[in-house]
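The values are calculated or read from the model by the stated rules, or taken from the named source; none is laboratory data. Worth saying up front: this structure is predicted, and the values here are computed from it rather than measured. Heads up, the Cβs are rebuilt from the backbone with ideal geometry, glycines too, and the neighbour counts pull from every protein chain shown. Protein only, heavy atoms only, side chains kept; ligands, DNA and RNA dropped before computing areas. Shrake-Rupley method; radii C 1.70, N 1.55, O 1.52, S 1.80 Å.
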Amino acid sequence: MRDNRSDDKVLNIAGIICFAVSLIAILSVCRFISGNDIWYDETFSMGFIRGGFADIISLTAKDVHPPFYYMYLKAFTSVYTALLGKGALVQGAKAASILPWVGLFVLALTYIRKRYGVFVAGFFMLLISLMPQLDTYYTEIRMYSLALLLITAEVLTALRMCDKETETGNGTWIIFTMLGILTAYTQYYACIAVAGIYVALFCIMIKNRATEKKALIHLIICMLVSAVSYAPWLPVLKAQMGNISGNYWIQPLTMRSIPGCIKFILLPVTYIRYMPYIAVGLTVLALGAAFVMFVLKCRAAGKDSDEGDNVVDLIICISPLAIVVLSGFILSIAGTPIFVYRYMIPALGGLWLGVAIMISRVFSGRMAVVLLCPFVLTGVLSMSGFEAEEGKKIIQMDHAAEAMTLIPSGASVITNFDHVTAIMGYYRPDVSVYLYDAEIDRLIPEMYDNVSDSLSDEDVLRLAKNEPDVFFFGSFNSREDIVADWKEMGVDSELIDSCLIERYWINIYGLN
């Protein structure tokens, strides 16, 4: 006969260890907010918070995102820089992305632990801390970690509302509605993820309408309140969709995108050869075994057993990710391909919570701990790759900062890549930055008034002959062809330095 107390002890110890590992991971990642490096997408975040809250709404209305994240970022960095000085702005913006991770830790340590036990809470926290891709977005100055926290909290609220043993008070419905509204104003695919939770709840309550009639009425009221709350932003959304329709860089989704989604979620990004594929293979096997056992257990128990509640929990947990991917395909088929893999990040909290719950309900004791091992291996590889990459960026940024000091105030800087144009506009507001022979996003010059685009060969010649300090920040192999063409025009160049800024290798040339 199985010793349940022994099994529970093993699971509790495993859960505590998972909590400890995830806390170490948080503290480890906190080391990397000291860097001053940003990349192209982050220049929008930093540009939007230069003004006040009214400016944030105005700028986001012209962009492709709603405003709540930027308001959160503005509020957080204002407090952070008030305490540590304006020179800590980038570090504060990175810390703003780590804070939701800390919020997930608190949520796991308190609510999830109390509701599902130490093992599920610790296992969930381990997964949400170490699994591939996630660590990157806990330091990136974008909205993904905030949306991840909001959607995970929304999933937990939905699970509570489906629990037959827990009475759902008005407070729970209010929290559920507010979380959904805030998420919808954070990112559009996060909004779609919330819609997935609503759809899942609606279908579950319709199926059980005899016992869920009152809850169904509450859910419809939540939908109406959410729709009314989001109505003021709909004209802006329509204008944004019109701006990107048929004029966006994202490629359409195909059937190959499905394994691409799985690879994004499960494959560690690391410099260690072969091990990532071994780890992802073992993880897939563990997930497959858990899912097959879960289905067999539910079928054996019958539809009138408590196992039906387990199916409901799993449906709610995976509904955000499922609808995000499905909507990406639908939009792509409709001729508006606006889905990239990172848009799944906010929905992964529900996925990994579902995995933790599923494994805990199928396996017990040592077997559950064995199933945990492939995820630990994947997480360790993922974290090692993250630390190596971020460490390299910080070291290289020190060199890049020295190289940029060579550029005197009032100089002219020419670039041939719009991403470099934007980041130079941010780093050096005291110089004029030009994009050569191309157009830049129309919001960049609005945020950084020292930036302009469409510089012609004649303009390059004029600057080189009339300005005392002109530099070319060349990207890609085309930079060699560009300086060769300019030489034929009478513009000489001298290679001064090469540097890496975030993810952009740049040759710095002096022109005369």
Somewhere in the stretch 58-74, is a residue at pLDDT 95 or above and open to solvent by 50 Å² or more (accessible area, probe 1.4 Å)?
yes
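Residues checked against (1) at pLDDT below 95; (2) in contact with a Cys (Cβ under 7 Å, 6 or more places away or on another chain):
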| position | (1), (2) |
| --- | --- |
| LEU148 | no, no |
| ILE151 | no, no |
| THR166 | yes, no |
| THR172 | yes, no |
| THR177 | no, yes |
| THR183 | no, yes |
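Which of the residues belonging to the stretch 90-118 are of a type in the set (A, V, I, L, M), surrounded by fewer than 18 Cβ atoms within 10 Å (Cβ to Cβ) and over 20 Å from the mean Cα position of the chain (by Cα)?
Let us first name the residues in the stretch 90-118 that are of a type in the set (A, V, I, L, M), namely 90, 93, 95-96, 98-99, 102, 104, 106-109, 112, 118.
So of that shortlist, the ones also surrounded by fewer than 18 Cβ atoms within 10 Å (Cβ to Cβ) come out as 98-99, 102, 106, 109.
The one that is of a type in the set (A, V, I, L, M), surrounded by fewer than 18 Cβ atoms within 10 Å (Cβ to Cβ) and over 20 Å from the mean Cα position of the chain (by Cα): LEU109.
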Would you say LEU435 is under 30 Å from SER34 (Cα atoms) and open to solvent by less than 50 Å² (accessible area, probe 1.4 Å)?
yes
Candidate set from the stretch 238-269 (those that are at pLDDT 90 or above and open to solvent by less than 70 Å² (accessible area, probe 1.4 Å)); member that is nearest to GLU390 (Cα to Cα)
PRO268
Which one of these is at pLDDT 95 or above, within 30 Å of LYS392 (Cβ to Cβ) and under 24 Å from the mean Cα position of the chain (by Cα): ILE318, ILE323, ILE345?
ILE345
Checking the conditions here, which among ARG442, ARG366, ARG361 is under 29 Å from the mean Cα position of the chain (by Cα) and either of a type in the set (D, E, K, R) or within 30 Å of ILE197 (Cα to Cα) (or both)?
ARG442
Could you say whether any residue in the stretch 119-139 is free of Cβ contacts under 8 Å to residues at least 60 places away in the same chain, in contact with a Phe, Trp or Tyr (Cβ under 8 Å, 6 or more places away or on another chain) and open to solvent by 30 Å² or more (accessible area, probe 1.4 Å)?
no
Test: residue in the stretch 492-501 that is over 13 Å from PHE417 (Cβ atoms) and either polar (S, T, N, Q) or out of contact with any strand residue (DSSP E or B) (no Cβ under 8 Å at 6 or more places or on another chain) (or both)
yes
Check every one of the helices (runs of 4 or more DSSP H) wholly within the stretch 1-69 and list those with 3 or more residues that are of a type in the set (D, E, K, R).
4-30
Residues of the stretch 346-376 satisfying the condition of being more than 23 Å from VAL155 (Cβ to Cβ) and open to solvent by less than 10 Å² (accessible area, probe 1.4 Å):
GLY365
Looking only at the stretch 306-329, decide whether some residue is assigned to a helix (DSSP H, G or I), open to solvent by 20 Å² or more (accessible area, probe 1.4 Å) and either touching a Pro at 6+ places or on another chain (Cβ under 6 Å) or among the basic types (Lys, Arg) (or both).
no
Counting just the residues of the stretch 30-45 that are of a type in the set (D, E, K, R) and under 16 Å from the mean Cα position of the chain (by Cα), which one comes out surrounded by the most Cβ atoms within 10 Å (Cβ to Cβ)?
GLU42
Could you identify the single residue in ASP457, ASP418 that is charged (D, E, K, R) and surrounded by 17 or more Cβ atoms within 10 Å (Cβ to Cβ)?
ASP418
Within the stretch 330-342, can you find the residues that are of a type outside the set (Val, Ile, Thr), surrounded by 17 or more Cβ atoms within 10 Å (Cβ to Cβ) and within 19 Å of the chain's Cα centre (by Cα)?
PRO337, PHE339
Condition check for SER22: of a type in the set (S, T, N, Q), loosely packed, with under 14 Cβ neighbours inside 10 Å and either in contact (Cβ under 8 Å) with a residue 60 or more places away in the chain or more than 19 Å from GLY425 (Cβ to Cβ) (or both)
no
Any residue at all in the stretch 462-479 that is surrounded by 12 or more Cβ atoms within 10 Å (Cβ to Cβ), touching a Leu at 6+ places or on another chain (Cβ under 6 Å) and of a type in the set (D, E, K, R)?
no
Among the candidates MET424, MET447, MET489, MET404, single out the residue that is over 30 Å from ALA61 (Cβ atoms), aliphatic (A, V, I, L, M) and either in contact (Cβ under 8 Å) with a residue 40 or more places away in the chain or touching a Lys or Arg at 6+ places or on another chain (Cβ under 7 Å) (or both).
MET404
